[in-house]
There are 4 protein chains.
Amino acid sequence: MAVAMGAEELAAFLDEVFPQVRGDFVIEHVEECAVRVRMPVAERHLRPGGTVSGPAMFALADVSVYIAVMAMVGREALAVTTGGSFDFMRKPMAGADLICECRLLKLGRVLAVGECLIFSDGGAEPVARASMTYSIPPKR
Amino acid sequence: MAVAMGAEELAAFLDEVFPQVRGDFVIEHVEECAVRVRMPVAERHLRPGGTVSGPAMFALADVSVYIAVMAMVGREALAVTTGGSFDFMRKPMAGADLICECRLLKLGRVLAVGECLIFSDGGAEPVARASMTYSIPPKR
Amino acid sequence: MAVAMGAEELAAFLDEVFPQVRGDFVIEHVEECAVRVRMPVAERHLRPGGTVSGPAMFALADVSVYIAVMAMVGREALAVTTGGSFDFMRKPMAGADLICECRLLKLGRVLAVGECLIFSDGGAEPVARASMTYSIPPKR
Amino acid sequence: MAVAMGAEELAAFLDEVFPQVRGDFVIEHVEECAVRVRMPVAERHLRPGGTVSGPAMFALADVSVYIAVMAMVGREALAVTTGGSFDFMRKPMAGADLICECRLLKLGRVLAVGECLIFSDGGAEPVARASMTYSIPPKR
């Protein structure tokens, strides 16, 4: 199955449909059913003890699965997360960006399931994992 | 088991340790092992189609469980989310705040488990559910 | 929304479509979008230390959500679990049956979401929680 | 980190501490923080439509993470599942065994997190994914 949008086109699409997160995420790599997304860590993502907040990591996983789905099915802004789960396993390294490696395990007609491993940039072991289900609206 | 902090004290504590989310959440009710938290919905929480973003709802559930734990164990800023899951079940009503009803199902010495139902203010049926596990650091 | 099948009819239906679990579960109560199901605990459910096995508690939650869905939509054997999550929070009491209190949070045309609290019979605090999503096939 | 027990020793240990599941699972491969486990599919695992039951797939994932933890930490029968999540993504092939590829993402002093992909034997795409957290009791 061919990729429908590459990294540049995906970035432009994201800017257009999610202007609220403009600049929060960098699409580093796109291939069939897999993407790598970087989140430059900013002050607002931090929590007591220097940890990146759970919601920030959740947002990274969520947008990564969205991007992976868009990469395959094309412009379909209305795909929505229906559920998911996550484990926060290690404290992210202070001052390092987060890198999300995302893979689609299923890309069905109406549902997609993606899994994500999140790393501190340069770290060998994942700081978090997440799985997310997206509902894909029928083509009009 | 008695409540260790009431709504006002919790709000002041949250402002102190999470200045990043100041003003994002309103603690409406606190009782033994249960809290109700309101999230005034702002433009930055929205997604295409007028839906409140998954990360915004995740953040509401996450902070609600944190507040419920703090209400019982007292000032312990370093409690961290270790994992959880969520289902986004209905589209939130446009323009309505979100209300999170959170209950601790377990409050152990080292782990707490909370469950949340999130409603659009005035809505009868939950728009989302979440469960979260927090790790509570040992008292020094 | 009216209940489509009561406890007795549900029990007969379960025996017919899931003969593999005959006798494993007792439907104690059925109401709109909620059921209570008992699992008489047997030797094969136990694990080292006298704990009821995770898979046995999973099976109880899974069948309870299935029964809750059938109670509302009527005979629809092909509903399938698409995903879920669980927390095992306390050690079940030795020798006590397990009781599952299950509630449907969403009953859509194609997806249902149920949540379950599992108790040791006579215990006040839940030993486990689970949430499950079922896919409901379209009526032929 | 060296493997503490190989496949044969793990199989003998499992027979000893979980006699209830004797013969249900075959440990095919063990390496550092990863195992492959086969579940020969039997009549009792099936559900209407020829699908392998959710609880059977859950049991396979659960035992696989347990085996992966035991392989690393040695005989520690009392490790218990504290929580997890799963997605059932495709219908398993009729008559094929299930194969679980399990990897530990975290092996801490007190908690381990494992993720599993389950395949129909010979199938290229996963039928299910699961993540599980185990609590490891302190060494006496």
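The values are calculated or read from the model by the stated rules, or taken from the named source; none is laboratory data. These figures come from a predicted structure and were not determined experimentally. Positions of Cβ are generated from backbone atoms using ideal geometry, with glycine treated the same way; all protein chains shown enter the neighbour counts. Quick note on the areas: whole protein, heavy atoms, side chains included, nothing else; ligands and nucleic acids left out. Shrake-Rupley method; radii C 1.70, N 1.55, O 1.52, S 1.80 Å.
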Candidate set: region B:21-42, residues that are away from every other protein chain (no Cβ under 14 Å) and of a type in the set (D, E); chosen: the one nearest to A:V21 (Cα to Cα): B:E28
Tally time: how many residues in region D:43-56 are more than 9 Å from every other protein chain (Cβ to nearest Cβ) and open to solvent by 10 Å² or more (accessible area, probe 1.4 Å)? 1
Per-region count, region C:16-37, residues of a type outside the set (V, I, T), open to solvent by 50 Å² or more (accessible area, probe 1.4 Å) and at pLDDT 95 or above: 5
Verdict on C:M72 being open to solvent by less than 30 Å² (accessible area, probe 1.4 Å), closer than 18 Å to C:V17 by Cβ, at pLDDT 95 or above and not in a helix (DSSP H, G or I): no
Open to solvent by 20 Å² or more (accessible area, probe 1.4 Å), over 14 Å from the mean Cα position of the chain (by Cα) and aromatic (F, W, Y), is that true of C:F13? no
Could you please let me know if B:C100 is farther than 22 Å from D:G84 by Cα and either within 12 Å of the chain's Cα centre (by Cα) or of a type outside the set (A, V, I, L, M) (or both)? yes
Selection over region D:10-41 where residues are farther than 18 Å from C:L46 by Cα and either touching a residue at least 12 places away in the same chain (Cβ under 8 Å) or touching a His at 6+ places or on another chain (Cβ under 8 Å) (or both) yields a count of 18
Filter region A:127-140 for residues that are in a strand (DSSP E or B) and not small (G, A, S); which is nearest to the chain's Cα centre (by Cα)? A:M132
More than 13 Å from chain D (Cβ to nearest Cβ), in contact (Cβ under 8 Å) with a residue 40 or more places away in the chain, more than 22 Å from A:R22 (Cα to Cα) and not small (G, A, S): does that describe A:P138? no
Which condition does C:M72 not pass, out of (1) within 14 Å of chain B (Cβ to nearest Cβ); (2) within 21 Å of B:E125 (Cα to Cα), if it passes all the others? (1)
